[in-house]
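One structure is given here, and the rest of the page talks about it.
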Amino acid sequence: MMLIKLAWRNLWRNKRRTWITISSVLFAVLLALFLESMDRGSQEVMVQNVVRFSTGYAQLQDTLYFDEPHIDNAMHCDDACMEKVVADFPNIAYTVPRLESVALAAGDEKTRVAFITGINYEVEHRFNEIGERLRQGDFFTGREDEVVIGTGLAQSLDLGIGDSLVVFGQGFQGAMAAGKFLVVGLVQHPVPDLNERMVFMPLPQAQKLFDAENRLNHLKLVPHQLRHHQRVVDAINEHPGYEELQAYTWEELQPELVKTIEFDQAGTLMFLLILYIVIGFGIFGTILTMTLEREKEFGVLISVGMQRHKLAQVIFTETLFMNFMGVILGVLTAIPLLLYFYFNPISLGEGMENMMAEYGMEAVLRFSLDPQFFYQQAIIVFGISMLIVSYPVVRVFRLNVLNAARK
Amino acid sequence: MHVIETSGLYKIYNEDTVPVYAVNDISIQFDPKEFSCIIGPSGSGKSTLLNLIGGLDTPSRGTVTVAGKRIDTMSESNRIRFRLEHIGFVFQHYNLIPVLTAYENAAFIMQLQGRGEKETRERVTGLLEQVGLGNRLNSRPAELSGGEQQRVAVVRALASKPDFILADEPTANLDTKAAFNLLDMMKQLNEEEGITFLFSTHDQRVIDRAKRVVTLVDGTLHSDEHRK
Ligand SMILES: Nc1ncnc2c1ncn2[C@@H]1O[C@H](COP(=O)(O)OP(=O)(O)O)[C@@H](O)[C@H]1O
Ligand SMILES: [Mg+2]
């Protein structure tokens, strides 16, 4: 108690110096929180967009499909099978089936390579809200020969609602896949590449086209809690009766995305590291002068009977006080700021939109409010304090009482 | 029993090159309730002897026994604890903690000893009133005169109820009036409460009031005079 009082008083011997140090910690914490929040926010959005419109968080495939992603390796899974998956694994909320293959798609005059994708619209929309991206027409009308195509594809094939699209390709095990379909809707797929090629049709219709009755390329597994996807995958892979199938996480299916995120995080980490080092030296300087200018006093305190380790405690407490005031003030400043940006993402303007869209991202900087950041800061600053304070503490233990008291 | 006893005490600097015998074979005893001073020219070894007796320094040879305990062989941490419980220090430059008030400076040492709050408050306030600083309890050292600061320093040394108080040239930085006041106060504490004082000085005003005057020359004991 008395030591804490002493530390607190010492802190305010030189108010200006202490405030400068506190401000530098505040600034570092604020900047770190801001950067991390922005970084993590954009990653969350990137994962959401990319994962939702491509692999899903977890998916089930035929064991052969991973190495040879061809329709010939499509898994056999009828309605009963899909229901069984949900029944067997309580962690799974619902599943999203897909049958897809590459085929030629032709309008009146032009032909393009397209991704013919059979979906169950209800669960597909539930999963990624693809319906929100419908620009014209309907997501299926109940006909037996209908397609919804990407706006990009529609443009390049010069097609609109009510026009015909001819598909020609290869079906299951070499069967010929050909058909003529009516365009009933235009959808703007968020991934520009796919927008140029996407042809959606109801799943049964696709299965018929590709002569792949009750077959799926994959079944997306949607966990009740998205972050539990690894558990779901592990559960399925260990579950008897699923030997012919293999479940994967999105990280396994999209290693490039994982790399991108890691690279991004490493960059931020490097920057923060430099920031912490700079700030660390600032605090170090303050603590060092605070220690050096008081060596005589330390000599006196040890002379009259204060143990060195108690003195070290005082210096340590001073450092902690100063740094934690910086952290707390930094966090207090950051919270309203981050809350604001969380609800009002920064727009990057028109120019960025296309570039960002390439990566499946919106042209806004989103922020994350993961509470982890806040206590991370506390831990980091505590660690820095420990490092910094070690030098003055060593000095206190080495201090020659007579020399110090004589000054 | 002697409260302080040194035997064959040496402090030699630069023993390997050009040896300086700062303390040269001193065997001396001090008894409780003494009011003694060590005098001698500058460089005669007064501070060195006091530092050895106070356990701030370790001898090159010989022994120092304080309150029946050999302090020259103690570990540093034990010596610090011993100082806290048995020895009061008054320094030439007052050496109060600038961020603590007069009261806190004196109370600090009792808190280090782990004394209770009530006991500390009563003793420290009582002592500060006794030395005429009852109205300066909450002043910081910078707000006090040199004489007042040195009284606080004496109270700090007294507060821990030490076996004796060591004071190295306590009046060196005081003007005549303040020096006399401090001396009177110390003498009063000695006569009325039996506090043992051992101080060094080359100030004639101080020497005149001492009951025992030990003279050092070049680190050796030159004379030891008891007065009535
Ligand atoms: N750390 C030291 N190193 C070398 N010589 C010292 C040291 N401390 C004191 N001395 C020498 O010891 C002698 C006694 O010094 P000191 O005890 O301070 O004398 P006084 O207090 O009587 O003036 C002096 O010659 C001084 O130069
Ligand atoms: Mg001296």
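The table that follows gives values for the structure above.
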read-out	value
Residue in region B:84-92 that is in a helix (DSSP H, G or I), in contact with a Gly (Cβ under 7 Å, 6 or more places away or on another chain) and at the interface with another protein chain (Cβ under 9 Å from one of its Cβ atoms) present	yes
Pairs with Cβ under 7 Å, 6+ apart, first in region A:1-24 and away from every other protein chain (no Cβ under 13 Å) and assigned to a loop (DSSP other than H, G, I, E, B), second of a type in the set (D, E, K, R) and open to solvent by 80 Å² or more (accessible area, probe 1.4 Å)	none
The one condition in (1) open to solvent by less than 10 Å² (accessible area, probe 1.4 Å); (2) away from every other protein chain (no Cβ under 14 Å); (3) away from ligand 2 (no atom under 16 Å from the Cβ) that B:CYS37 fails to fulfil	(3)
Helices (runs of 4 or more DSSP H) wholly inside region A:238-318 containing at least 1 residues that are touching a strand residue (DSSP E or B) at 6+ places or on another chain (Cβ under 9 Å) and within 14 Å of another protein chain (Cβ to nearest Cβ)	A:295-304
Within region B:59-73, considering residues that are surrounded by fewer than 17 Cβ atoms within 10 Å (Cβ to Cβ) and either free of Cβ contacts under 8 Å to residues at least 12 places away in the same chain or touching a helix residue (DSSP H, G or I) at 6+ places or on another chain (Cβ under 8 Å) (or both), the one nearest to the other protein chains (Cβ to nearest Cβ)	B:LYS69
Test: residue in region A:18-35 that is over 30 Å from A:GLY280 (Cα atoms), surrounded by fewer than 20 Cβ atoms within 10 Å (Cβ to Cβ) and of a type outside the set (A, V, I, L, M)	no
Single unsatisfied condition, B:ASP184 versus (1) outside any strand (DSSP E or B); (2) surrounded by 13 or more Cβ atoms within 10 Å (Cβ to Cβ)	(2)
Top-ranked residue of region A:175-216 - restricted to ones that are assigned to a loop (DSSP other than H, G, I, E, B) and among the polar types (S, T, N, Q), ranked as least open to solvent (accessible area, probe 1.4 Å)	A:ASN214
Subset of region A:358-403 [within 28 Å of A:LEU33 (Cβ to Cβ) and modelled with pLDDT under 65]	A:TYR359, A:GLY360, A:MET361, A:GLU362, A:ALA363
Residue that is nearest to B:LEU182 (Cα to Cα), among those in region B:113-148 that are assigned to a loop (DSSP other than H, G, I, E, B) and small (Gly, Ala, Ser)	B:GLY132
Candidate set: region B:187-207, residues that are part of a helix (DSSP H, G or I) and within 16 Å of ligand 2 (Cβ to nearest atom); chosen: the one surrounded by the fewest Cβ atoms within 10 Å (Cβ to Cβ)	B:ILE207
Residue list for region B:74-97, filter: out of contact with any Pro (no Cβ under 7 Å at 6 or more places or on another chain) and open to solvent by less than 20 Å² (accessible area, probe 1.4 Å)	B:ILE80, B:PHE82, B:ARG83, B:LEU84, B:PHE89, B:ASN95, B:ILE97
Unique residue being modelled with pLDDT of 90 or more and over 30 Å from B:LEU100 (Cα atoms) when the list is A:THR333, A:THR317	A:THR333
Region A:143-158, residues that are farther than 14 Å from A:PRO204 by Cβ, open to solvent by 20 Å² or more (accessible area, probe 1.4 Å) and outside any helix (DSSP H, G or I)	A:ASP158
Residue among B:ALA167, B:ALA142, B:ALA153, B:ALA157 that alone is within 14 Å of another protein chain (Cβ to nearest Cβ) and within 16 Å of ligand 2 (Cβ to nearest atom)	B:ALA167
Candidates A:PHE172, A:PHE140 - the one that is in contact with a Gly (Cβ under 8 Å, 6 or more places away or on another chain), of a type in the set (Phe, Trp, Tyr) and open to solvent by 20 Å² or more (accessible area, probe 1.4 Å)	A:PHE140
Inter-residue pairs, beta-carbon under 9 Å, first exposed (fewer than 14 other Cβ atoms within 10 Å of the Cβ) and in region A:233-253, second among the polar types (S, T, N, Q), 6+ apart	A:GLU243/A:THR63; A:GLU244/A:THR63
Some residue of region A:312-323 being open to solvent by 60 Å² or more (accessible area, probe 1.4 Å) and assigned by TED's automatic domain parsing to the domain that holds A:ALA378	yes
Neighbours by Cβ (under 7 Å, 6+ apart or cross-chain): first from region B:25-49, within 17 Å of B:SER7 (Cα to Cα); second among the acidic types (Asp, Glu) and within 13 Å of ligand 2 (Cβ to nearest atom)	B:THR48/B:ASP57
Scan of region B:40-58 for residues that are open to solvent by 30 Å² or more (accessible area, probe 1.4 Å) and either farther than 11 Å from B:VAL23 by Cβ or part of a loop (DSSP other than H, G, I, E, B) (or both), ordered by number	B:PRO41, B:SER42, B:GLY43, B:THR58
Breaking point among (1) open to solvent by 80 Å² or more (accessible area, probe 1.4 Å); (2) farther than 21 Å from A:GLU213 by Cα; (3) in contact with a strand residue (DSSP E or B) (Cβ under 6 Å, 6 or more places away or on another chain), for A:ALA106	(1)
Meets criteria (open to solvent by less than 50 Å² (accessible area, probe 1.4 Å), within 12 Å of chain A (Cβ to nearest Cβ) and over 14 Å from the mean Cα position of the chain (by Cα)) for B:LEU100	yes
Pairs with Cβ under 8 Å, 6+ apart, first in region B:205-228 and without any contact (Cβ under 8 Å) to a residue 12 or more places away in the chain, second within 14 Å of ligand 1 (Cβ to nearest atom) and open to solvent by less than 50 Å² (accessible area, probe 1.4 Å)	B:SER223/B:VAL214; B:SER223/B:THR215
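Conditions tested, residue by residue: (1) among the hydrophobic types (A, V, I, L, M, F, W, C); (2) in contact with a Pro (Cβ under 7 Å, 6 or more places away or on another chain); (3) modelled with pLDDT under 90.
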{"residue": "A:ASP39", "(1), (2), (3)": "no, no, yes"}
{"residue": "A:SER42", "(1), (2), (3)": "no, no, yes"}
{"residue": "A:ASN49", "(1), (2), (3)": "no, yes, yes"}
{"residue": "A:ARG52", "(1), (2), (3)": "no, no, yes"}
{"residue": "A:THR55", "(1), (2), (3)": "no, no, yes"}
{"residue": "A:LEU60", "(1), (2), (3)": "yes, no, no"}
{"residue": "A:GLU68", "(1), (2), (3)": "no, no, yes"}
{"residue": "A:ALA74", "(1), (2), (3)": "yes, no, no"}
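The values are calculated or read from the model by the stated rules, or taken from the named source; none is laboratory data. Worth saying up front: this structure is predicted, and the values here are computed from it rather than measured. Backbone-built Cβ (ideal geometry, glycine too); neighbour counts: all protein chains shown. When the accessible area is computed, the model is the full protein with side chains, heavy atoms only, and any ligands, DNA or RNA have been set aside. Shrake-Rupley method; radii C 1.70, N 1.55, O 1.52, S 1.80 Å.
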